[in-house]
Amino acid sequence: MFGLDTIVVAIIGLAALSAAALGYGVLYSRIEGERRAESRVKRVKAAETDRTKATAARDRLNEANKRRKSVQDSLKSLEEKNKENDRRTSPALKDRITQAGLTISIRKFYALSVALGLLAGFMAFVFQGNLFVALGVMLIFGAGMPRWIVGFLRNRRMKAFLAEFPNALDVMVRSIKSGLPLNDAIRMISAEGQEPVRTEFKRIVEAQQMGMNIPEACARLYARMPLSEANFFAIVIAIQAQAGGNLSEALGNLSRVLRDRKKMKAKINAMSMEAKASAAIIGALPFIVATLVYLTSPEYIMILFTDTRGHVILGASAVWMSIGIMVMRNMINFDI
């Protein structure tokens, strides 16, 4: 009985296997067709996805090229403007007076210069009684001294601007990150910044109130304060206005660059201090030796001042000393 059941089960199993094999053989072509169709559908979908990705990548590349071209055009126009401004080796006297932070007019400056020259010349004539000496003193105090004072005040104001400008940029970065627009950040510096940055940013705000846009108003900062740092700031604002981008990040990078430039200048000054001291000693040594010789043996050195050949020697020595001082000055001065 058990053997008969086993045979029956085996026959049933073989029949089922045969039926399955027969069904697979009959349905194989249909199953394989569906599999191939599904594979083709997947390849088509993948191709459409790749085409979409390629189109998106192409659009991003075109947008990046447009932005790059816009930035290049902006830099080219700004560079041309800067070349036009730099064609003048020295700014006009009126611009120098403005850059020095003085509020006097050019006419008043000339009037004060003439008055100072006449007063100094009169005092020299009273004490010396020599007309040529009085004319020389008048020329020095009337033409040289006022311009030197303006140059000194101008350089001091520029140094103060460079010292405070990175701090103002940091304040602008924090203001923009907190949600304030660029106009409000500039107004904040013009109201709460330190001099002379506050005055220069106040002029930017005044230019905006007169109808100028922000890039044009910031570009005028370089005309009033001819520094590379001010030019960098104007370029960043102009590029952001035309090409877009993260302004807070750009200003933060600019602030970091300005601080690194300041550190580099301090490092160069420290490294060149020994050379500057050597140049000062070498330049002063002839005058010190001449003074000591005059104090010990006046008749030995006075021939240089009383004889014609001595005058020629003094003139040639002055020329060669001037050339040596200029060479040493160029050797120890570095532009960053």
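Numbers for the structure displayed
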| quantity | calculated |
| --- | --- |
| Matching residues, the range 175-195, being open to solvent by less than 20 Å² (accessible area, probe 1.4 Å) and either of a type outside the set (Gly, Ala, Ser) or in a helix (DSSP H, G or I) (or both) | SER175, ALA185, ILE186, ILE189, SER190 |
| Residue ID - nearest to THR98 (Cα to Cα), chosen from residues in the range 201-213 that are assigned to a helix (DSSP H, G or I) and open to solvent by 30 Å² or more (accessible area, probe 1.4 Å) | ARG203 |
| Pair list, Cβ under 8 Å, 6 or more apart: the range 278-306 residue in contact (Cβ under 8 Å) with a residue 40 or more places away in the chain and open to solvent by 60 Å² or more (accessible area, probe 1.4 Å), other residue part of a helix (DSSP H, G or I) and not hydrophobic (A, V, I, L, M, F, W, C) | ILE282/GLY324 |
| Residue check, LEU180 at pLDDT below 85 and over 27 Å from ALA111 (Cβ atoms) | yes |
| Test result for MET172, touching a residue at least 60 places away in the same chain (Cβ under 8 Å) and either surrounded by 15 or more Cβ atoms within 10 Å (Cβ to Cβ) or farther than 29 Å from GLY121 by Cα (or both) | yes |
| Some residue of the range 263-274 being more than 21 Å from ALA160 (Cβ to Cβ), modelled with pLDDT under 85, open to solvent by less than 70 Å² (accessible area, probe 1.4 Å) and touching a helix residue (DSSP H, G or I) at 6+ places or on another chain (Cβ under 6 Å) | yes |
| Residue within the range 217-227 that is on the phi < 0 side of the Ramachandran plot, open to solvent by 70 Å² or more (accessible area, probe 1.4 Å) and of a type outside the set (Gly, Ala, Ser) present | yes |
| Among (1) open to solvent by 20 Å² or more (accessible area, probe 1.4 Å); (2) in contact (Cβ under 8 Å) with a residue 12 or more places away in the chain - the single one ARG198 does not satisfy | (2) |
| Residue count for the range 139-153, restricted to those that are touching a residue at least 40 places away in the same chain (Cβ under 8 Å) and open to solvent by 30 Å² or more (accessible area, probe 1.4 Å) | 2 |
| Set ALA241, ALA250, ALA219, ALA234: member being within 17 Å of ASP95 (Cα to Cα) and part of a helix (DSSP H, G or I) | ALA219 |
| Single condition LYS159 does not satisfy, out of (1) open to solvent by 60 Å² or more (accessible area, probe 1.4 Å); (2) of a type outside the set (Val, Ile, Thr); (3) part of a helix (DSSP H, G or I); (4) at pLDDT below 80 | (4) |
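The values are calculated or read from the model by the stated rules, or taken from the named source; none is laboratory data. In this text the structure is predicted, and so the values were computed from the model without any measurement. Note that each Cβ is placed from the backbone with ideal geometry, even for glycine, and that neighbours are counted across all protein chains shown. What goes into the accessible areas is simple: the full protein's heavy atoms, side chains included, and nothing from ligands, DNA or RNA. Shrake-Rupley method; radii C 1.70, N 1.55, O 1.52, S 1.80 Å.
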